[in-house]
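Peer 1: First the structure, which I've put down as structure tokens, then a few questions once you've had a look.
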Amino acid sequence: MDQTGVAAQTPKSPWGSVAPAAPACSLADVMSEQLAKQLDDENNEFPTLTDPAADLLSDEICDTTSDLMLAQMLQMQFDREFDDQLRREEKKFNGDSKVSVSFENYRMVHPYEDSDSSEDEVDWQDTKHDPYRAEKPHSTPRRGFTGKGKNITTKHDEVVCGRKNTARMDNFAPEVHVGDGLSMDLKLSNQVFNSLKQHCYSEQRRSAKLHEKKEHSTAEQAVDPRTRLLMYKLVNAGVLENINGCISTGKESVVFHANGGSLEEQPVPEEVVLKVFKTTLNEFKNRDRYIKDDYRFKDRFSKLNPRKIIRLWAEKEMHNLARMKKAGIPCPEVVLLRKHILVLTFIGKDHVPAPKLKDVKLNSEDMKNAFYQVLHLMQLLYQECNLVHADFSEYNMLWHEGKVWLIDVSQSVEPTHPHGLEFLFRDCKNVSTFFQKRGVSEAMSVYELFNAVSGLNIPIGSEDEAEFMAEIVALEKRNEDHIQKRGKKTFPVFCENDGPPKQPDSDD
Ligand code: ADP
Ligand code: MG
């Protein structure tokens, strides 16, 4: 190294080289240096051990934490999108309906997590006070009030009462629609609640009435449940093999075709009919006089309820048919009477019922023959059976195997009935008119027929109906007086052999 350069920079001293003087420093600097050193020494007392593994770990944690965060943020974003979609679907599903289905349970983001959910959209379900949720009405203690001093709330308090009334709507019948009222904090005034209650009760009564009517009537085509049960029992007991179908639905009855089984080990005819008397009284109301004035049924009639009166009609038909059979009149035979159902032999063949006289096309010879048969029938009925049909017409006569068969005798009465002769006159009128219209020249006039059937000799004279009728009514009156004088009828109510034994009523 070249020394000359150095000598040139530092002035040469004849006493040799001089050490450079230490730079001057303040006490404060010294002090701070000392402090710094002291601090440094203190630090050095607890040296930081640099562990490479720990470093690695801490680095990893740092990295993983951010990944997790990222993942969570992504998941949150995804969940929010899912919830948005759910909200749209909920809205679409519910539309404007007052009653809505909440999709709340399917939401991914709990409302408090969802910082994005708009703040003005309050989730009422999570607030303590839900204005749309009915507050449970507080029960008032026995003493009749709660609270103290100024804050006393009595049981008559408007709000308490209102809420109680709303809650009470829960007791209304299920079919009464109370709307959203129950789920709201609705307060019904007593007046409103009472009129709602009144309306609810009257609606219930009305619907019960309608229901009753439906249940207890033999509807147009079908039969009511009770009758169905009876019919089912007949099949179940083997009395009938099966019930096939309806032959006729009249005003007072429904007639079914059925196949017979066996009854008390006796075979029931292969083909039978079930005459089911309709259980609505409407049609029978104007027929009361056929039964309540019939001395055979008079006493019982007044004591019976409407349903039993219907049975009386079936019973009456059974007794009348029994008398007719005894007298040799072609008519259905009674197989069984079960309440208001009468099982009769079938007039017809292979499921085809015999036609009514009004529907059958007969040649003049057969028609004339039919007329004489009918005349004979009427005489037998009146004189042998002591009956007036009271609904004798081409509708209640069937043409089967060249013979006239007489049916539908539930309303038939004895001639001593207060109006018996009037009924007979009407029957004669129907028969006479029918055969005359069908060109039967031998057909008698109504007056001749009446006398021929009854054996009464009411003068025919000028064939004036009013005059003839006056005679009939006079006769009826005389008969009534005679009965009155003799006192109450003392005949047995039914003849011994008036019909098959009835099955005991089990369920009344
Ligand atoms: P309603 O009182 O309803 O007139 P009916 O006894 O006259 O009752 O029967 C109605 C119809 O049912 C009759 O017109 C007839 O066609 C049919 N019918 C009734 N009884 C029988 C029977 N035993 N056999 C065949 N058909 C019958
Ligand atoms: Mg009839």
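Peer 1: Would you please name the residue that is modelled with the lowest pLDDT, looking only at residues in region 207-228 that are closer than 16 Å to ARG311 by Cα, outside any loop (DSSP other than H, G, I, E, B) and more than 16 Å from ligand 1 (Cβ to nearest atom)?
Peer 2: HIS216
Peer 1: Restricting attention to region 238-251, which residues are surrounded by fewer than 20 Cβ atoms within 10 Å (Cβ to Cβ) and of a type outside the set (S, T, N, Q)?
Peer 2: GLY238, GLU241, ILE243, GLY245, CYS246, ILE247, GLY250, LYS251, listed by residue number.
Peer 1: Okay, moving on. Would you mind telling me which numbered condition in (1) within 16 Å of ligand 2 (Cβ to nearest atom); (2) touching a residue at least 40 places away in the same chain (Cβ under 8 Å); (3) among the aliphatic types (A, V, I, L, M) VAL360 fails?
Peer 2: The one condition VAL360 does not meet is (2).
Peer 1: Restricting region 382-396 to residues that are open to solvent by less than 40 Å² (accessible area, probe 1.4 Å) and in contact (Cβ under 8 Å) with a residue 60 or more places away in the chain, which is nearest to PRO330 (Cα to Cα)?
Peer 2: Residue satisfying both the conditions and the ranking: CYS385.
Peer 1: Of everything in region 237-256, what is within 16 Å of ligand 2 (Cβ to nearest atom) and either assigned to a loop (DSSP other than H, G, I, E, B) or more than 19 Å from SER410 (Cβ to Cβ) (or both)? Give them in sequence order.
Peer 2: Answer for region 237-256, where residues must be within 16 Å of ligand 2 (Cβ to nearest atom) and either assigned to a loop (DSSP other than H, G, I, E, B) or more than 19 Å from SER410 (Cβ to Cβ) (or both): GLY250, LYS251, GLU252.
Peer 1: For ASP55, are the conditions met, namely being open to solvent by 80 Å² or more (accessible area, probe 1.4 Å), modelled with pLDDT under 50 and charged (D, E, K, R)?
Peer 2: yes
Peer 1: Among the residues of region 383-441, write down those that are in contact with a Cys (Cβ under 8 Å, 6 or more places away or on another chain) and in a strand (DSSP E or B).
Peer 2: Selection gives TRP405, LEU406.
Peer 1: Are any of the residues in region 364-374 open to solvent by 10 Å² or more (accessible area, probe 1.4 Å), touching a residue at least 40 places away in the same chain (Cβ under 8 Å), more than 16 Å from ligand 2 (Cβ to nearest atom) and assigned to a loop (DSSP other than H, G, I, E, B)?
Peer 2: Looking for residues that are open to solvent by 10 Å² or more (accessible area, probe 1.4 Å), touching a residue at least 40 places away in the same chain (Cβ under 8 Å), more than 16 Å from ligand 2 (Cβ to nearest atom) and assigned to a loop (DSSP other than H, G, I, E, B), one finds none in region 364-374, hence no.
Peer 1: How many residues are closer than 21 Å to CYS385 by Cα and out of contact with any helix residue (DSSP H, G or I) (no Cβ under 8 Å at 6 or more places or on another chain) if we restrict to region 424-447?
Peer 2: Of the residues in that region, 2 qualify.
Peer 1: Could you list all residues from region 257-267 that are in contact with an Asp or Glu (Cβ under 7 Å, 6 or more places away or on another chain), free of Cβ contacts under 8 Å to residues at least 40 places away in the same chain and either part of a strand (DSSP E or B) or within 16 Å of ligand 1 (Cβ to nearest atom) (or both)?
Peer 2: Of everything in region 257-267, just one residue is in contact with an Asp or Glu (Cβ under 7 Å, 6 or more places away or on another chain), free of Cβ contacts under 8 Å to residues at least 40 places away in the same chain and either part of a strand (DSSP E or B) or within 16 Å of ligand 1 (Cβ to nearest atom) (or both), namely ASN259.
Peer 1: Regarding GLN379, is this residue touching a strand residue (DSSP E or B) at 6+ places or on another chain (Cβ under 6 Å) and outside any strand (DSSP E or B)?
Peer 2: No.
The values are calculated or read from the model by the stated rules, or taken from the named source; none is laboratory data. Remember, predicted model here, so these are calculated numbers, not experimental data. Positions of Cβ are backbone-derived with ideal geometry, glycine not excepted, and every protein chain shown enters the neighbour counts. With ligands, DNA and RNA removed, areas are computed over all heavy atoms of the protein, side chains included. Shrake-Rupley method; radii C 1.70, N 1.55, O 1.52, S 1.80 Å.
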